[in-house]
1. Does residue A:265 qualify as being crowded, with 23+ Cβ neighbours inside 10 Å and at pLDDT below 95?
2. Considering every residue within the stretch A:291-310, establish whether at least one is away from chain B (no Cβ under 14 Å) and touching a strand residue (DSSP E or B) at 6+ places or on another chain (Cβ under 7 Å).
3. Only one of these conditions is not met by residue B:53: (1) within 10 Å of chain A (Cβ to nearest Cβ); (2) within 30 Å of residue A:430 (Cβ to Cβ); (3) touching a residue at least 12 places away in the same chain (Cβ under 8 Å). Which number is it?
4. Which members of the stretch B:112-131 meet the condition of being surrounded by 17 or more Cβ atoms within 10 Å (Cβ to Cβ) and free of Cβ contacts under 8 Å to residues at least 24 places away in the same chain?
5. Can residue B:189 be described as outside any helix (DSSP H, G or I), over 25 Å from residue B:16 (Cα atoms) and touching a residue at least 60 places away in the same chain (Cβ under 8 Å)?
6. Could you identify the single residue in B:281, B:319 that is within 9 Å of chain A (Cβ to nearest Cβ), at pLDDT 95 or above, closer than 24 Å to residue B:258 by Cβ and surrounded by 20 or more Cβ atoms within 10 Å (Cβ to Cβ)?
7. Would you say residue A:325 is at pLDDT 95 or above and assigned to a strand (DSSP E or B)?
8. Of all residues in the stretch A:188-231 being free of Cβ contacts under 8 Å to residues at least 12 places away in the same chain and closer than 23 Å to residue A:56 by Cβ, which is nearest to the other protein chains (Cβ to nearest Cβ)?
């Protein structure tokens, strides 16, 4: 079915109001969803490169490169008085970029009459970013301060340690911000190589959501992106696989602090696995709302101030982690045993139909609210693009409806086992505020 | 004619309870938020925490439903409902799907009007809140802000902040009687504002409000300033040592002596925005982008609502060994801004930034709800929201530069830094 009348695009498919096109000259993927609720539109370019594409010596390079992408490009730069931040913030745009394991995304939320400017800027920096060494020097210390701010948080440090302990070969071993010495020493040349390897239209998805007209949008995308050819090389695959874990692992972080944290992680399958949907519901059953299991067994007993579950689907294998932020005088072991006890109960007895039904209702509402506003929708869609299939976002609710209590018991038995676990404690050494 | 005037329907379905209903084309989704006067400034003398504990106890059960029954009703619908206390207001907020609105509003009414305040829940709540507060002792940003505001304002001024230990003591000293008395005295319509946006119909919402809230005793608590002003502006410095931190937080600024209704508020706000309101403002452009000394630095005006004399603050983070350079670079920008003022180009750029970002803020039901409620809390008509872009466009360069000279004194700044600081090198 030809859904467009603009030459140069091939209509690919449609799902829940989102249309996918391919730019025939360079294989750029385009996703369009009109929503005229507010006079606002979000433009986003997602590159299929993240910290999973890094190795020792250049961990954090994807993120550092993302910072340098704001330093100027052929048509938008300080020298000509058209710096990216200034151009976009002067029209009231909300702009930023983020980097994570599997992707890097650049986005602009703009008053809809300014959509063209956002498209022009992203097209220009896709292939014409300056990436100068004189810009990397001051930006390195900026990024290092971002790293240092993260290191201030005991939770952030514990989380890095749990991932580094659980994943030894696979690059999910290191966090997206990278190791400090790599941030300090990676060369500009290495960053340019990274850019020239991954920043191509055939390795990117451009998304527009909000108050715009589809045909006009395609005309604008053609106007600005058509000058880019597809890469003349195959974008390299990341082929490292994590060897099978053969026993439980533990890690402890101990330094000045006020209250303990317990984290228990278990490896999970890749994000596009059918089993992901059961994990998403299980985390709600365990931790979302006052009726959740951990709220009753930990929070309502005054043992922790809060519980946080980390269960994001990634392109490769992930982690199902429960974090408990302990109240003063609570022993780490006490809470660890309760968490493992709940897992054991699910392994042996499963979950009730009532729990599952509630978790599905919570999910339906979460998904509905993920469409409240063009940026919210783009942000949710971005994570689906990252794991390799944007329709993961649009079909999520339907797939959730198919999950049964047996499915949840099955994944618990398969994955929430001691041999696949990594447990981390933050143990504070008290010194206090002077 | 105006976006908000045309789309927001205002009504008083119950005396002292004003609704602001905005129907948008979003499908199924509804967001709401409301508030009434009764925040921490209304806590009995000597214990600010009574107000916040009262709000935090609202979701622990009502006279006819325990907390699990309430939670089950909300969670089964995927709805959310929360309560909190600000300096001046009791606030509630929630979202739900269209078909669940009646259930959620009825629960809201029950929780506000007939809370059970069970004793064992207070004990657990206090343990958790104290745990959270203990954890903030290692938070460099929070400790720097507390120190900064304590240096600017005397005890009992709404902009003053308790030390973390004092806050813990007040939580420990709060009993159930304090909470039920506060609830009885403060909670009720009178100046209650309720904003609701999304897939809603005004008449249905107002009928529901009448059904749920009519008969709730009107309280009509008035917002009045307590006559306390900021300390006289003078140069002060304080260091707060927190061990094992790789980044320090810095607050720099002073009180400005005016509130949001003062004629100089918008020119001064604009002046401060030009200094550090966003990434393309002077501080981020120079201290971060050019010199690479920080991940983040910004400047804003705060504490100006409801008749309070507010303050200007600049906040930034620095590695301990770049702290001196960061402070110096920040002061260079402040001095240049003070001595030479803003330029016409900067003013024009920031006008389009603020009017454009106002529009971008309408992107979601949450953004619209927040704008409508915040405006109503200030006793402003809905039309004011439509006038806001014109107010911004009307600010002149002369007003901006006069405001800098009149309200800022760079020789009398308060500087507070929290982190792992080498005291020997402190200058």
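The values are calculated or read from the model by the stated rules, or taken from the named source; none is laboratory data. The shown structure was predicted, so the numbers you read here are calculated from the model rather than taken from an experiment. A quick note on method: Cβ atoms are made from the backbone with ideal geometry, for glycine too, and the neighbour counts reach across all protein chains shown.
1. Values: crowded, with 23+ Cβ neighbours inside 10 Å: yes; at pLDDT below 95: no.
No: the conditions fail for residue A:265.
2. Pass one, the stretch A:291-310, residues away from chain B (no Cβ under 14 Å): A:309-310.
Retained after the next criterion (residues that are touching a strand residue (DSSP E or B) at 6+ places or on another chain (Cβ under 7 Å)): A:309-310.
Yes.
3. Result: residue B:53 passes all but (1).
4. Scanning the stretch B:112-131 gives B:124, B:127, B:128, B:131.
5. Working: outside any helix (DSSP H, G or I): yes; over 25 Å from residue B:16 (Cα atoms): no; touching a residue at least 60 places away in the same chain (Cβ under 8 Å): yes.
No: the conditions fail for residue B:189.
6. B:281
7. yes
8. Filtering the stretch A:188-231 for residues that are free of Cβ contacts under 8 Å to residues at least 12 places away in the same chain and closer than 23 Å to residue A:56 by Cβ, the one nearest to the other protein chains (Cβ to nearest Cβ) comes out as A:189.
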